[in-house]
Amino acid sequence: MSTSSVSKGCFVFKPSSKKRRISSSTADYFSEGKNDSEDSGLRFATCQLLWKQINSETEKIQEELNKQLFDNLISFLRQSYSEFQTKKTEWMCRMKSSEIPTAALVLGVNVTDHDVTFKSLSEVLQDNVTPYVVSLQAKECPGIKHLLQKLMGQLMDCCVDVDSFEEEECVNISQKKIRCSMASLSKWYESVTKKTGSETPSKKITSSSRHWQSPPIVVIFKDMESFTTKVLQDFIVISSQHIHEFPLVLIFGIATSPMIIHRLLPHSVSSLLCIELFQSLSCKEHLATVIDKLLLTTQFPFKLSEKVLQVLINIFLYHDFSVQNFIKGFQLSVVEHFYSQPLSVLCCQLLEAKKRVNSLSHNQCENIRSLPSFRRYVESQVSEKQIALLTEDSFLKEVTQTLLEDLHIYHENYFTVLRCLHVFTTSLPKYPLGKQIRELHCACLGKSVWETEEYGSTVQLLRMLAKDELVAILQKCVEIFISSSGKQFSNTVEKLEEFLARFQNLEAETNEVQDVSVSSQKELQKKTDLYHLQKTLLELKESKRSKKLTKFEMLRFEVVDFIDSLVRSYLAPAEMQTLNEVVYFNTANTLREHLNAAPRIALHTALNNPYCYLKNQTLKSDVGCISNTAPDICIVYKLHLECGRLINLVDWLEAFSTVVTAVEGTDPDSMATDQVDEIIHARFIRAVSELELLGFIKPSKQKTDHVARLTWGGC
Amino acid sequence: MSQLELKRNQVLEARFVADEDVLKHISDNGGVKVRKDRAQLALNVKRFVKKLENIYDDDDEAQEIMEEQNYVAVLGACAEDSLRNGPSAGGGKIYSFQTPKRSGKMAELASELAQTPGRNVTFDSSEYPEKPACTPQSSKKYSASNKPQLKSKKNEFVSTTPYRLRKRLTAPSLRSDSESDYSASCSEEEEEDKDHKETSDVILGQKTPSKTRAVPPSKKTPAKKLKEEMTSNLVEEYFEAHSSSKVLTSNRTLQKLQKRKLDQQTLLVLLNKAPSAFTAELKELNQQHESLFSKWMLQLHLGFSIVLYGLGSKRDLLEKFRTSLLRDSIHLVVNGFFPSITVRSILNSITEEVLDHVGTFRSPMDQLDLIMKRFKEDSSLELYLLIHNLDSKMLRGDKSQQILAQLASLPNIHLIASIDHINAPLMWDQAKQSLYNWLWYETTTFSPYLEETSYENSLLVQQSGSLALSSLTHVLHSLTPNARGIFRLLAQYHLENKDNPSYPGLSFQDFYQRCREAFLVNSDLTLRAQLTEFRDHKLIRTKRGTDGVEYLLIPVDNGTLTDFLEKEDEDM
């Protein structure tokens, strides 16, 4: 069956159910299309397992981060609810002014993350506060009628959920038939609360323990900014008149700033609300936590290389601020890594990986041998060992096991020392190595950090730290080392503690030093003459340069040198590690192509420089040129760039035919046969309509046989 | 010298504004050098203008620029190793503001292209007026070798600007001979341009002040002022070019060209005859894309949607994907380019044919709700959605995209789509993008958009035109001579008023009067009966004017109408 028709645009293909067996599963596609499908099944399983773990971890992170916010919200609900419940009188006076308790939830511009937050929010509310949680989106509610319909619909569903006993009753009242009005809503609420109230407590013990008596109806406006003003206003005005009949609480999801409430709602309406502001965690902090928990840990064997991480972070910072998208990118890199790297089968927990090494096939061994990092390793060995490594599979496997273990240990040390270094760098002015740990991580991943300029200035700045700062930092470092799993840091901890002790002992001596400096200061104050002042200052400087360092300074140097040595020994770039290709995903290019594509540039390149795609020598040309043998559309495009706002089709056609006839070798003066001419005409028509489809031109009514250009400028 | 040293330092610091400093340096050093290096200066100015387009406004915030650099460096870092994304990763160069072109340019370019069959021609138009002096040899050779040929060809471009053309082609040799002549020729050009057309005035006008401004040594950072002026000029230039309703192109029309319009069939036949070039390369390109099929399937299954972009029809590629991998699963193919496709029809085919649902829906939202419910309930249900041209006119609306995005967000609906329009990505905001969960794939195929453009009422194909003419003659031949006369009368009046843009049509009363005078009708009613007949055949259209009077119009374009009248005259 073909999919082109002049009367239809949609074609459904439904294979007969017999044929429609479980067509190939995802795993099959994973292994298909790859000739070197080594261990692809195992790889896919590993990939899925890893991703599952990562995903659950991210969910956990999200939950933890939102906990504070949700707790605040719940206590707010509790407060407004308790007023309704117990202090009837107080509620009554409030009711007179008909204020609806409202929580304004400022979530930030990363709209894509909001859905997850709202989903967990309504879950939390349903679990702890009230079964009646309604979430509304602007696109579902173009009018007040739709809004009420949606509201009632969701509430009725909730009701069925809770009162499973009265199910028939509720179902009987078909949602569609209910006249959706606030009056019916309040009637419904009355009946529902009465039922639960009259029920014997034993029957509903679970639900009543979870929910409060006469639970409030919570209405969440997910994207407050996109609601039409009228709908919001109407809803608020109407519901404020019914507020005494049932407790209603509104939650506004706000992406921009709380000011938007007052811009959307006139004073007469916003005065009906009793607004309390809640601020969610900023997306940057969220990202920092995610990176901390997913990347800077040995929990997951999979790692991102510097470039990949840069791409992901840049997409986050420059495009969307969306943690969700960051995780999506992470997922893509996991999949890509396992799909493209046959040795990724070893990218799992250390024990498992060691087992898997034993069962590697010969091909896989060859794969290991061809890894650049492994080659480097081989070259550094003695010749007998080199031969053994390159010829004996069993020996190779043994070595691989130890190498994998080394890699694991490297990571353990790396993250601990990285955190330690981060504690140091964050206390420095101007943050030469970055404020966030992710920046530091990127700097260390890519190249030897101690060779960079920034590191040099960091060390210099560290040598100027004050004593109390240094002590505080050292204490933090000790904590980090103690909490780390690596055992080889016991020496380091001892050393650091020794430093701390020495700092304490310094107290008395430093006082003396201070005396000296104070006296010199006094001397300085005496001189008022400019010449003398300069002279003394120079002298002071000289003396400082030559002066013997104080004990504190000596100690400080010692500490900094010690940290420096830690950095040099443990923060070696990952690329230098043998077998790093197994766990590091480093084709940043694919990631960027798939996540942050530039369709206009692709189109432009194809039109301007077809040689990029069609490797034909006749098309080869310099920048800004185009061969006249290029595809029609390229020629037509180039010609159209010469025109202004409007293009005369006749001129265009003539120009095109001049070019094309010249290519074909026919002499333009003795105009060729009609036949050729018509073909050129047809080709021109095709090219022009293609340009129209691409959006470069559109028909214009301003003048006969003219088209309007839609792009301004050209090349 | 030390001053110079200082400047150098500045240059080193600022990096981006090197040209500015060069300018400043030259202007500071007084007039002698300036005059000497005038041509060079002009070049500098030019280069500077070009550079400006890429620079952000505030260069004070070096930090920001540095970050920008970093960003570009990282995101564009691997541009070199992948030809896919082309050498020019920075978008500024591609669709920057630039000087508007003159009408003669196209013909010039064409002749140049044509005259050098085996060779490539530089026609980076922005540099054309000041053909860089660095390649005098080649340009000299070029103009010399082509001169005789050119003379013979000149007659062909009579309607355009032959003077300019000749001048332009001889100019390079002039320029390479002596740079001082250059400015003179430039001003000559300028004058000529002035009486020629307005648009070019704008550019040249912009050129001259910049030159004059650069020459006097002003103490206050002239470069900066210049820059500001430039940027504002660019903006003004845009609006100037787009504000004047005056059209500065030649008046030739296709009708005069004696080229009969082609209908779809003949077009296809002719195109089949056209030689197809680069078959081997195209095949290779396609094979590259086809090797990705199983990867696409994997990623679709993992919850991503796939969008294909790049020049060339991606329909065949998707069809191949469909036939090779989706044979055994339920899938829905949507031709987005189909002119009357709607989201409703897509949803209908899902509910009716995939889900076998009977019944109607009040709104697409309800329908979507049902689909989402059904797909969530039954996890074994899987649907592949192939959409050709997701960015077509009918589907690009916000509501349609929202619905499609929601469909795509279902875990067991797998969407793979193609886009072609240059501005297609603007359809999606962050929320929609995250619903779609796109993975972008560049699939440049260079294959012609045959199917996609076949529906389009293209400018040149105009099926309606030929159809209208034949239907006109057919309908009118079946009518009485009087009725034909009535239509002729209206047509003639219509053509008389074709240059009047505010022509509302012929009012019924006037028409009746005219018909009576020509003895074509005897009563109001007979005329109305005739008009009803015409209206049924869509030969005329009635419109109520602001004053409530009924106006009659012929909804056929003037060319066809003229043809028709000529034919009628022949017949008579």
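We did not get these values from a lab; they are worked out from the coordinates using the rules stated. Owing to the predicted nature of the structure, the values given are computational and were not obtained by experimental measurement. Methodologically, a virtual Cβ is constructed for each residue, glycine included, from the backbone with ideal geometry; neighbour enumeration extends over all protein chains shown.
For the residue pair A:ALA288 and A:SER361, what label-to-label distance in nm results when each label sits 7 Å from Cα along the Cα-to-beta-carbon direction?
4.8
Between A:LYS67 and A:ASP468, what is the label-to-label distance in nm when each label sits 7 Å out along the Cα-to-Cβ direction?
With each label placed 7 Å out from Cα toward Cβ, I get 3.3 nm.
Taking the Cβ-Cβ separation of A:MET554 and A:LYS698 as r and a Förster radius of 56 Å, what is the calculated FRET efficiency to the nearest 0.05? Numbers along the way, then the final one.
Working: r = 77 Å, r/R0 = 1.38.
Given R0 = 56 Å and the Cβ-Cβ separation, E is 0.15.
With the Cα gyration tensor of the range B:263-382 giving a ≥ b ≥ c as the square roots of its eigenvalues, does the rule (a/c under 1.5 for rounded; else a/b larger than b/c for prolate; else oblate) give rounded, prolate or oblate?
Numbers: a/c = 3.05, a/b = 1.58, b/c = 1.94.
The shape class here is oblate.
Which value in nm describes the separation of the simple spin-label points at A:GLU494 and B:ASN497, placed 7 Å from the Cα toward the beta carbon?
Between A:GLU494 and B:ASN497, the label points sit 10.6 nm apart.
Could you tell me which of rounded, prolate or oblate describes the range B:260-323, using a ≥ b ≥ c as the square roots of the eigenvalues of the alpha-carbon gyration tensor, with rounded for a/c under 1.5 and, failing that, prolate when a/b is larger than b/c and oblate otherwise?
Prolate is the answer for the range B:260-323, as a/c is 1.5 or above and a/b outweighs b/c.
With r as the distance between the Cβ atoms of A:GLU352 and A:ASP561 and R0 = 56 Å, compute the FRET efficiency 1/(1 + (r/R0)^6) and round to 0.05.
Here the calculated transfer efficiency is 0.90.
Could you please rank A:MET259, A:MET464, B:MET297, A:MET152, placing first whichever residue has the fewest other Cβ atoms within 10 Å of its Cβ?
With the fewest neighbours first, A:MET259, A:MET464, B:MET297, A:MET152 line up as A:MET259, A:MET464, A:MET152, B:MET297.
Going by how many other beta carbons lie within 10 Å of each one, how would you line up B:SER363, A:SER7, fewest first?
Ascending number of Cβ neighbours within 10 Å: A:SER7, B:SER363.
Take the alpha carbon atoms of the range A:343-422, find their center, do the same for the range A:592-643, and report the distance between the two centers in whole angstrom.
Value for the Cα centre distance between the two parts: 45 Å.
Between beta-carbons, use under 13 Å as the cut-off and find the net charge around A:LEU389, counting Lys and Arg +1, Asp and Glu -1.
It works out to a net charge of -1.
When a footprinting reagent is the concern and you count Cβ atoms within 10 Å, what order do B:TYR551, A:TYR531 take, fewest first?
Ascending Cβ contact count within 10 Å gives the list A:TYR531, B:TYR551.
Pull out a ≥ b ≥ c, the square roots of the eigenvalues of the alpha-carbon gyration tensor of the range B:490-570, then state rounded if a/c is under 1.5, prolate if not and a/b is larger than b/c, and oblate in the remaining case.
Cα axes put the range B:490-570 in the oblate bin.
What is the Cα centroid distance between the range B:541-567 and the range B:343-391, reported in whole angstrom?
44
Fully extended, how many nm does the chain gain between A:THR256 and A:VAL6 (0.36 nm per residue separation, minus their Cα-Cα distance)?
Taking 0.36 nm per residue and subtracting the Cα distance, the gain is 85.3 nm.
How much length would be gained if the chain were fully extended between A:ARG263 and A:LYS52, taking 0.36 nm per residue of separation minus their Cα-Cα distance, in nm to one decimal?
Stretched fully, the A:ARG263-A:LYS52 segment lengthens by 71.6 nm.
First measure r as the distance between the Cβ atoms of B:ARG528 and B:SER340, then evaluate 1/(1 + (r/R0)^6) with R0 = 30 Å and state the FRET efficiency to the nearest 0.05.
After rounding to 0.05, the efficiency reads 0.35.
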